[in-house]
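A.B. asks: Dumping the structure here so I can ask a few things about it.
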Amino acid sequence: MRSLPLLLNREITRPERIAIVHQQLVEDMTALRWATAVGAQSLDLGKRVGALAPGMRADVIAIRVDALNTMPAADLPSQFTHAARPDNVSLVLIDGVVHKRDGHLIRVDLPAIQAQAAASITRMRSTTGI
């Protein structure tokens, strides 16, 4: 009798299955548009955010493409949607104000957030008896 993994692999890799999966894939640029301009429009914010244009809010991120997980950077949309991680984000501007520079958050009080998280866990444990 054949092993289950072998049977599953044979079933998954049948040409007609691959064709169906290929038809359902979303192109990387489409996903990026959904996350930016289309997302803004769906929230009725398309006149203020979702694109870089005069008179619109300047919400910008810069992603490093020289890290191992983002190389080679031949297809940037693919790298951004499949490989980039939060630690690859080197710069964040929200409404034109820098919030992350050189990979470090600069407008966040990390010790205060950590204290709030610890207090929250303590409250949940006392409430639930865990």
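None of the figures in this text is laboratory data; all of them are computed from the coordinates on show. In this text the structure is predicted, and so the values were computed from the model without any measurement. As a convention, Cβ positions derive from the backbone with ideal geometry for all residues, glycine included, and neighbour counts pool all protein chains shown.
A.B. asks: When the Karplus curve 6.51 cos²θ - 1.76 cosθ + 1.60 is applied with θ = phi - 60°, which whole-Hz ³J(HN,Hα) does each residue of segment 116-122 get, with x for Gly and Pro?
C.D. replies: Result, ordered by residue: 5, 5, 5, 5, 5, 5, 4 Hz.
A.B. asks: Rounded to the nearest 0.05, what FRET efficiency do Lys47 and Leu68 have when you use their Cβ-Cβ distance and R0 = 30 Å?
C.D. replies: 0.15
A.B. asks: With θ set to phi - 60°, apply the Karplus curve 6.51 cos²θ - 1.76 cosθ + 1.60 along segment 98-111 and write out the HN-Hα couplings as whole Hz, x wherever there is a Gly or Pro.
C.D. replies: 6, 10, 9, 9, 6, x, 10, 5, 10, 10, 10, 8, 4, x
A.B. asks: While we're looking at this one, here's another question. Using each residue's phi in segment 45-60, evaluate 6.51 cos²θ - 1.76 cosθ + 1.60 at θ = phi - 60° and report the 3J(HN,Hα) Karplus result to the nearest Hz, with x for Gly and Pro.
C.D. replies: Each residue of segment 45-60 in turn: 10, x, 7, 10, 9, x, 8, 9, 7, x, x, 9, 5, 8, 9, 9 Hz.
A.B. asks: How high is the relative contact order of segment 58-130, given as a whole-number percent (alpha carbon pairs under 8 Å, six or more residues apart)?
C.D. replies: Dividing the mean separation by the residue count of segment 58-130 yields 26 percent.
A.B. asks: Quick one: which residues, 5 or more positions from Lys100 or on another chain, have an amide H under 5 Å from its amide H? H modelled 1.01 Å from N in the peptide plane, none for Pro or chain starts.
C.D. replies: HN-HN under 5 Å from Lys100: Val92, Ile106.
A.B. asks: Would you please classify the overall shape of segment 58-130 from the alpha carbon gyration tensor, given that a ≥ b ≥ c denote the square roots of the eigenvalues, rounded means a/c under 1.5, and beyond that prolate means a/b larger than b/c while oblate covers the rest?
C.D. replies: Judged from the Cα gyration tensor, segment 58-130 comes out prolate (a/c at least 1.5, a/b above b/c).
A.B. asks: Also, quick follow-up: When the chain is fully extended, how far beyond the present Cα-Cα distance does Met124 get from Asp28, taking 0.36 nm per residue of separation?
C.D. replies: 30.5 nm
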